[in-house]
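Take a look at the structure below.
The values are calculated or read from the model by the stated rules, or taken from the named source; none is laboratory data. Since this is a predicted model, take the numbers as computed values, not measurements. Note that we place each Cβ from the backbone using ideal geometry, even for glycine, and neighbour counts take in every protein chain shown. Calculation scope for accessible area: heavy atoms of the full protein, side chains included, ligands and nucleic acids excluded. Shrake-Rupley method; radii C 1.70, N 1.55, O 1.52, S 1.80 Å.
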Amino acid sequence: MPASRRLKRDRCPFTPESHVASAEELALISLSARLLFENGQSTEKVVSALDQLAAALGFRATVFPRWGELTVLINDGSGSRNEILSAVPSGVDMRKVAATIGVIDDVCDGCLDAAAARSALETIARFPPVSITRFAFLAAAGAAALGVIFGATHPFSLLLIAISAGVGACLRRWLATISRNLFVQPLCAALLAGAVGAIAVRLQFSSALRLIAVCPCMILVPGPHLLNGTLDLARARIALGASRIAYAGVIILMICTGLLTGLSFGSVSLPVAAPSYPVSLGYDVIAAGVAVAAYGTFFAMPWRMLPIPVAIGMLAHATRWGMISLVDASVEIGALAACLVVGSIITPIVDRLRLPFAALAFASVVSLIPGVYLFRVAGGLVHLVTRGGKASVDMLLNTIADGTTAILIILAMAIGLILPKMCIEHFHPAQPLRHTRKPDVHERKAL
């Protein structure tokens, strides 16, 4: 590859479009776009990364993302042309995103040519998921930790929560090998959790908030898609943002359907109103760290990076605990304060580590997600439809209150995470992937 192609735009006396992109370079652009888009990178970062990669190769490329496809517009010496790629942003894999950004860095530094970079990306695309042992164990630990946060104290209840979540994780992995449907896994895992919860309630193992059924379902909530969708809406990418949020909404609907169906096997329903159980700061913070570690595993985060979101998540939960217990703030204000802290800390870290913001940020605040409220709303709506005119006014009011609380908490979390990110990026724009190396003697002559 001519050395002059590897220079930054501002060093080139010719326009980037003067170079005709080769088939290898076009394939490199397409594969990079698909890997970043499909594995949880925010849309803005996908667009900027591909722009810098194309500039390093000597032409211009503009990415227009939509749900289900990416349109890549190429401007080079042969004119303008576009390529439409099939790509569904339904996955979250931080290891693939970080490795892909690393390859783009190397291309921008002139350490890799297009052919070598494409080969490296093809290897990244074949990265296996985290081991089933780690996946199941952390799912069990994360669900049990959420049980502690929401007031489960009986050791046998925590054990049942862990077993239900661990078996559900194995079920999801097995279903992934036989079906490509995006909604089968959360539906079946929630169905299993609901059935286990119904059995536990019938045998009088637990009744408070039906946590044995609810906690394994909470680890299924698709938080990164909600955050990425909100980011897209904030950046005026209305169609893509709405598609992401709709996808996350359908997953939540499948979780609620599976949970309520599983509970119905034992004629058990979720209580629309339930008491809250205070948890000491020490237990609360430690359990939050375990839950964060579980979500880091779900998003294929390398072990060496896992302490970062764990520490931030523990700090966030300590902030929330202090706001609610010491300042007597509402759960919505507590979530907002915690997420403001996380958003301010996470934004420079994800830029430094080349990780997707939504995945790392959500992993740090997973224990704040109002899953209990969402599931109680679903149960209350089913009860209202079943009872019709015989439903009590208290049932209706409690359902509305739970729904309003869930919406306000989700809104507070979205604002708390996104507002610091947008402010920091506005006043301190992220640095390019890496500065291109200085030109050698031959390159200076070419200039």
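A few comments on the model shown:
- Output for region 348-367, where each listed residue is open to solvent by 10 Å² or more (accessible area, probe 1.4 Å) and either of a type in the set (Gly, Ala, Ser) or touching a residue at least 40 places away in the same chain (Cβ under 8 Å) (or both): Pro348, Ile349, Asp351, Leu353, Arg354
- Restricting attention to region 137-163, the residues that are closer than 20 Å to Pro370 by Cα and part of a helix (DSSP H, G or I) total 14.
- Residue in region 219-237 that is crowded, with 21+ Cβ neighbours inside 10 Å and farther than 18 Å from Pro356 by Cβ present: yes
- Test: Asp109 is open to solvent by less than 10 Å² (accessible area, probe 1.4 Å), touching a residue at least 40 places away in the same chain (Cβ under 8 Å) and of a type in the set (D, E, K, R): no
- Some residue of region 311-331 being touching a residue at least 40 places away in the same chain (Cβ under 8 Å), part of a helix (DSSP H, G or I), among the hydroxyl-bearing types (Ser, Thr, Tyr) and surrounded by fewer than 21 Cβ atoms within 10 Å (Cβ to Cβ): yes
- Candidates Leu240, Leu259 - the one that is open to solvent by less than 40 Å² (accessible area, probe 1.4 Å) and in contact with a strand residue (DSSP E or B) (Cβ under 8 Å, 6 or more places away or on another chain): Leu240
- Residue count for region 200-241, restricted to those that are of a type in the set (A, V, I, L, M, F, W, C), part of a loop (DSSP other than H, G, I, E, B) and modelled with pLDDT of 85 or more: 4
- Residue that is farthest from Val366 (Cα to Cα), among those in region 293-331 that are modelled with pLDDT under 90 and touching a Pro at 6+ places or on another chain (Cβ under 9 Å): Ser325
- Yes/no for Leu187 being farther than 26 Å from Ala87 by Cβ, open to solvent by 40 Å² or more (accessible area, probe 1.4 Å) and either at pLDDT 90 or above or among the polar types (S, T, N, Q) (or both): no
- Residue within region 355-374 that is in contact with a Lys or Arg (Cβ under 9 Å, 6 or more places away or on another chain) and outside any helix (DSSP H, G or I) present: yes
- Options Gly151, Gly147, Gly197: the member that is surrounded by fewer than 19 Cβ atoms within 10 Å (Cβ to Cβ) and modelled with pLDDT under 95: Gly151
- Yes/no for Ile178 being surrounded by fewer than 21 Cβ atoms within 10 Å (Cβ to Cβ) and closer than 27 Å to Val365 by Cβ: no
- Region 42-62, residues that are farther than 14 Å from Pro89 by Cα and open to solvent by less than 10 Å² (accessible area, probe 1.4 Å): Ala49, Leu50, Leu53, Ala54, Ala56, Leu57, Gly58, Phe59, Ala61
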